[in-house]
Amino acid sequence: MATGVAEFPVRALERLRALWRKVQYHPSKASLSWLLVGINVAIVVLVVAGISLSAIGLLRDLADEQGLARVQIAGAGAREELRKANEDLLTTTRELGQRPTLRRLLVERRPEALEQFLRRSCQSINATACAVMQGESVVGEFGPQIPWSDVLAAAGEQGERFMAAPATLAQPVMGAVAPVGVEQGAMAQADTRVLVIRFMDESLASSLSDRVGLVVRLVNYRWFSSAPTDAFTRLHSAGLSDGRFAAERIKAFDVFAASFPIFASTGEAIVLLETRLPTAEIDASVRHLVNRLLITALVLVALAVLVSFILGQQVAGPVRALTDAALRLGQGDFSTSIPTAGTAEVVALSRTMEDMRRNLIDLTTTLRLREAEAQAVLQGIVEGVYAVDKSRTIRYLNPQAAKLLNVRAEDVIGRFCGDVLKPRSVHGVLPCDARCPILEARNSGSAQATEHLMPTSGAPRTAIITSSSIVDGLQVQVIRDETELEAVRRARDTVLANISHEFRTPLAAQLASIELLRDGLDTMSAEQRRELVRSLERGTYRLTALIDNLLESVRIESGQLSIRKQSIDLRESVNDAQELIGSLLTQRNQELRVQFAEELPDIEGDGPRLVQVFVNLLANASKFAPEGSVLRVGADVTGDVVTAWVEDEGPGVPEMQSGSIFDRFHRGPDQEPEPGGLGLGLWIVKSIVERHGGTISAARTAENRTRFSFTLPVAREGE
């Protein structure tokens, strides 16, 4: 008997193991049709479950946000109502202090009548207590026992309206004090005031609740600071820390709650205004939507099972016939032909597999030959070549690239390309994270970038990296060494080409005008001759402006730009600039409006340089603004700084946010209308403003205009 009992656990364990072997999943033994059903159902279940869980989470988050928003709005409304109640209390207190009856009773010294008067007056305004005080003495009062000296002290600190939480009172109070006009008698010699207070208690909280539509509680700060910690302690502490409010969901009480600290004018915390909203009101609607979502998910899963079973049966039959042939081919037995049988799709697959078997041996031989040729080419070219995988890990590096980077190929294979090339960061951002040519080529097919490489050993290098698109998991990059001399030469050629182009355009226009004027000098009307002369004037002005900008850029670059500081009236600078570009504005039928602040002080600066600033900004605004539009110039003063601006109604340029429009030789791609400039005007403006100790920026205004603003120091007195 004992032996049978001892063997029972062993037999039970063996049965469990046998059952597990029966139910354990073996993909090799599973039916293809049921496997497809299982996969499709699993995918649908995962997708539906993921969408459902995400949707439920979003619904709950939105519900929480709605609940928190409601208690925040209610709390803000209750705080506003509390402020209005305090203001109303001050108004009624002033009216009470000016009532003739009160003045008469004080003169007649009738305490009983004064008490009855205060009772009626205080009850009519829902006040908790009222008192008339002469100096520090209480002449008459109504209501519960109040330490009027403490209340009077709070009024002395805060003024006519006050809030206080005296230690001698169980509830904080809000109140008001007003003088009493006493005309005759001995009492007229003393300082006579009327004080009215109202407890900030449950009655006031109930009144606030009715007004805002949610439950409102007023928590005495003295009680809160000494009370034990509960579920609302963190909420109130957060509100006090923020100084404005705090809101959160209190799970222990199933409510949304917000805390608004109420401070006296002295900065002392008086009460904590708390609003509550039961979560059941919000959760009910969320629960309804969740139920509907779950029902929809179950229906979709059931449909997925049915559709997957039907499709699995159609696919499994033809594929099963090719299983044996595929196994032989997978084992490397290329001598056995692939039989063709079954449906048209299976026959096509069989023929393809047979062709693959016949071509595989030839392909292997060809690949080996091509690999040898590729190695010879990569090792023979001048440029460096390296290849990376999808994660930008180096998989190949030819000797030229290794020499350029001053590394050994075997040491860098398997490393991240950015750790090997070490490109220099731009404004604190690495090119690998912002504008990597490898990543750009994956989207556009090819990409090129100039990188400043900082190798671990050796001098820094400037290289041009050309990247191709990814092929078979590998992406090839060609890296070409670009010396500083070549970079300078390209910059010089670009600048000379721009200068030649910009000078040729106005010269060609002037030459055409001269030829027309010469041929028609005797036949043209006076108006036509004047128009040709104006055209020559505009062309001459443009050439002069281009030459001035070039000379100014040379002075700035060589450090010869000096600023002579003196007291300048900006209005005169704007007038001088308007005279210089008046013909340009007339040509484009544009209007200039000057909007200077009244009493604008003089600034400390160089007059001709500031005229040049306004000329460049106005010329730039005229170029980008549409014909017939309005240009605006304005200035205002804040402290010891004058802020001036130039606005136009043009579309603006994307580079405004990055500040690149102030770079030297910067020209906006495609946005800049013809004729273009050398890209020096805004750079010169920025240089002049900075040498005055100011700053310049560009932005779009609320009126959808482009505004260039710069600051200048106000001239110091005595200079």
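We did not get these values from a lab; they are worked out from the coordinates using the rules stated. Note that the coordinates shown come from a computational prediction; the quantities given were computed from them, not determined experimentally. We place every Cβ from the backbone using ideal geometry, glycine too, and count neighbours over all the protein chains shown.
Assorted remarks:
- Here the gap between ALA113 and GLU598, fully extended at 0.36 nm per residue and compared with their Cα-Cα distance, gives a gain of 168.5 nm.
- Gain in span if fully extended, GLU87 to LYS251, counting 0.36 nm per residue against the direct Cα distance: 55.4 nm
- With a Förster radius of 41 Å applied to the C-beta separation of ARG358 and ASP481, the computed FRET efficiency comes to 0.30.
- Once the C-beta distance of ASN589 and ILE43 is scaled by a Förster radius of 56 Å, the resulting FRET efficiency is 0.25 to the nearest 0.05.
- Rough spin-label spacing in nm, given labels placed 7 Å along Cα→Cβ, for ASP640 and ALA167: 4.9
- If the segment from ASP324 to GLN98 were pulled out straight at 0.36 nm per residue, it would be longer than the present Cα-Cα gap by 70.4 nm.
- Taking label points 7 Å from Cα along the Cα-to-Cβ direction, THR366 and SER52 give a separation of 5.2 nm.
- Per-pair calculated FRET efficiency, R0 = 22 Å: LEU289 and GLU65 via Cβ, rounded to 0.05: 0.90
- With both labels modelled 7 Å from their Cα along Cα-to-Cβ, the SER567 to GLU527 distance reads 5.0 nm.
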